[in-house]
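To keep things clear, I will list the structure first and then write my remarks on it.
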Amino acid sequence: MARESFLSFSPPALSEAEVQAVMAVVKEGLWLSSGPKTKEFEQAFQKRVNAPAALALNSCTAGLHLAMAVHGVGEGDEMITTPLTFCATANVVEHLGGTTRLADIDRETLLIDPKEIERAITKKTKVITPVHYAGQPCDMDTINALAAKHGVKVVEDAAHCMPSKIGAKWVGDTENLATFSFYATKNITSGEGGMLTGSKALVDQARVLALHGLSRDAWNRFSKGASWKYDVVEPGYKYNLPDMASALGLAQLNRLDELYSARMAVVRLYENAFKDSKYLKLVRTRPDVQSSHHLFVILLNLDSLNIDRDQFIVELGERNIGSSVHYLPVHMLTYYAKKYGWTPESFPNAHWAFQRMVSLPLSSKMTTADAEDVVEAVDDICKKFAR
Ligand SMILES: Cc1ncc(COP(=O)(O)O)c(C=O)c1O
């Protein structure tokens with residue numbers, strides 16, 4: 001029996017704590033832009049992942065853009081990333097006049113394959129941007145060693161990573177620049193928002209660029225006894241996170257352990273239900289990492305079904321189950337395909353995964369009954385369309 005109400009793919013898990021936190025900023029009414037709450041959020045986040053430094057931003061995209069700018073990416077420079085990411089990872093390089101290079105993924109983990117990165121490195125490579133897809137950390141030892149060998153920088157797209165670990169270290173506990181997202185569907189959210197972490201020197205450079213290139217931030221200029229004086233040291237951007245959003249983000253960060261364990265309960269239920277299925281395959285988790293499980297991706301075994309992925313999603317919808325696809329690979333997006341002459345087969349593993357992947361609903365807000373409804377719907381579709 002299909003469920004009666006629609007299960008949305010990834011609703012935010014908000015509580016009274018978030019409501020009170022945002023209301024307190026509004027009620028106080030002193031400073032709505034980036035001020036004391038944003039400082040507090042930055043400091044709490046930095047501490048939580050043991051980052052050398054942290055900068056709160058109004059998106060993860062802003063963090064990626066600043067990271068590329070800080071590393072001086074411009075015309076003639078190449079940035080290598082995975083085809084299996086959101087367009088933002090590549091778009092920021094295009095904004096700066098740089099060139100996007102892609103390195104195919106591993107079919108088991110869906111993570112960028114370091115061997116493919118090595119094949120893509122040229123004299124023009126300036127940055128490698130591994131994406132910790134679905135919250136599973138990439139093989140950073142190998143990627144960092146490759147970068148050191150070729151004298152290139154690493155920017156980690158950690159949009160999905162709260163909380164992810166490599167061994168005992170949190171993603172973010174590195175001198176590399178790493179960018180996190182607090183977009184509405186992310187594990188913790190501030191509505192829109194992001195955090196850039198990394199070495200103090202790099203984050204300090206990004207901090208100036210994040211607010212027009214101003215020598216001091218607005219809050220410091222408007223507080224009592226402060227001087228109005230400022231200078232612009234280079235033309236920067238407007239990427240600061242306001243206090244209202246920071247209050248929301250901070251309240252979510254304070255609930256991270258609780259939110260993660262609720263998320264993991266759903267993940268375990270799915271894993272147990274699907275691990276022996278002949279109709280689908282689960283993504284392999286690398287040894288010695290903790291995934292944040294931002295997404296729960298299943299890969300359909302198309303040989304045992306007589307429908308394709310798109311029809312599978314329609315069938316889920318008909319059973320009142322929301323779902324999504326992460327992602328339409330970068331090399332298949334019109335702009336990139338045209339500019340670089342890529343065809344779907346240019347990155348065969350990403351294309352292979354794309355044809356089979358479905359992201360099932362996953363949120364800390366889901367109940368056991370919700371997760372069981374998803375399992376029931378998936379099983380029902382598999383049985384109905386078994387080949
Ligand atoms: C892998 C990846 N990188 C970057 C982004 C951009 O994040 P934001 O929406 O916070 O700019 C996203 C957002 O979905 C993402 O999934």
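The values are calculated or read from the model by the stated rules, or taken from the named source; none is laboratory data. Quantities reported herein were computed from a predicted structural model and do not represent experimental measurements. FYI the Cβ positions are ideal-geometry reconstructions off the backbone, even for glycines, and counts take in every protein chain you see. Protein only, heavy atoms only, side chains kept; ligands, DNA and RNA dropped before computing areas. Shrake-Rupley method; radii C 1.70, N 1.55, O 1.52, S 1.80 Å.
Inter-label distance, LYS238 to ARG284: 4.8 nm, where each label sits 7 Å from its Cα along the C-beta direction. Taking all protein chains together and a 1.4 Å probe, the residues CYS87, CYS382 rank CYS87, CYS382 from largest to smallest accessible area. Computed from the Cα positions only, the extents of the chain along the three principal axes stand at 73, 53, 38 Å, in decreasing order. Of the candidates ASN254, ASN306, ASN50, which one comes out as most mobile in a Gaussian network treatment of the chain with C-alpha springs shorter than 10 Å? Answer for the Gaussian network model of the chain: ASN306.
A 1.4 Å probe over all protein chains sorts HIS132, HIS71 by accessible area into HIS71, HIS132, starting with the largest. Go ahead and run the numbers for FRET between LYS169 and ASP204, Cβ-Cβ distance against an R0 of 30 Å, rounding to 0.05. With R0 = 30 Å, the Cβ-Cβ based efficiency is 0.85. Just subtract the alpha-carbon distance of LEU32 and LYS383 from 0.36 nm times their residue separation and send over the number in nm, one decimal. Full extension from LEU32 to LYS383 adds 121.0 nm. When a 1.4 Å probe is rolled over the protein heavy atoms, the share of accessible surface on the chain that falls to carbon and sulfur comes to 53 percent. Accessible surface calculations at 1.4 Å, restricted to protein heavy atoms, place the chain at 44 Å² per residue. Placing a label point 7 Å from the Cα of GLU94 along the Cα-to-Cβ direction, the residues of the stretch 298-329 with a backbone N closer than 16 Å are 328-329.
ALA24 sits among other residues whose Cβ lies under 15 Å from its own Cβ, and their net charge, with Lys and Arg +1 and Asp and Glu -1, is -3. Within the stretch 1-32, the chymotrypsin sites (Phe, Trp or Tyr not before Pro) that combine a DSSP coil assignment with at most 12 other C-beta atoms in a 10 angstrom radius are PHE6. For LYS338, the lysines whose Cα falls under 28 Å of its own Cα, not counting residues fewer than eight places away in the same chain, are LYS115, LYS123, LYS124, LYS126, LYS153. Between GLU258 and ASP276, the simple label model (points 7 Å from Cα in the Cβ direction) yields a spacing of 3.7 nm. Computed from the Cα positions only, the extents of the stretch 298-376 along the three principal axes stand at 47, 30, 19 Å, in decreasing order. Please state, as a whole number in µm²/s, the translational diffusion coefficient that the Stokes-Einstein equation yields for the stretch 1-102 at 10 °C and 1.306 mPa s, with Rh defined as the Kirkwood radius across alpha carbon pairs. Translational diffusion coefficient: 92 µm²/s. Of all lysines in the structure, the ones whose alpha carbon falls short of 20 Å from that of LYS278, not counting any fewer than 8 places away in one chain, are LYS383, LYS384. Within the stretch 227-249, list the residues whose amide N lies under 14 Å from a label point set 7 Å along Cα→Cβ of LEU14. Backbone N within reach: 244-249.
When the helices of the chain are scored as -39500 (n - 2.57) per DSSP H run of n ≥ 4 and the total is divided over every residue, the value at 222 nm lands at -12000 deg cm²/dmol.
Between ALA67, ALA24, ALA210, the residue with the greatest mean-square fluctuation in the GNM of the chain (Cα pairs under 10 Å linked by springs) is ALA24. Model label sites at ASN320 and ALA265, defined 7 Å from Cα along the beta-carbon direction, differ in position by 2.1 nm. Computed extension length for THR122-ALA184: 18.6 nm, one decimal, from 0.36 nm per residue of separation with the Cα-Cα distance subtracted. Could you tell me which of rounded, prolate or oblate describes the stretch 151-262, using a ≥ b ≥ c as the square roots of the eigenvalues of the alpha-carbon gyration tensor, with rounded for a/c under 1.5 and, failing that, prolate when a/b is larger than b/c and oblate otherwise? The shape class here is oblate. In the elastic network of the chain, a GNM with C-alpha springs shorter than 10 Å, the most mobile of PRO36, PRO287, PRO344 is PRO287.
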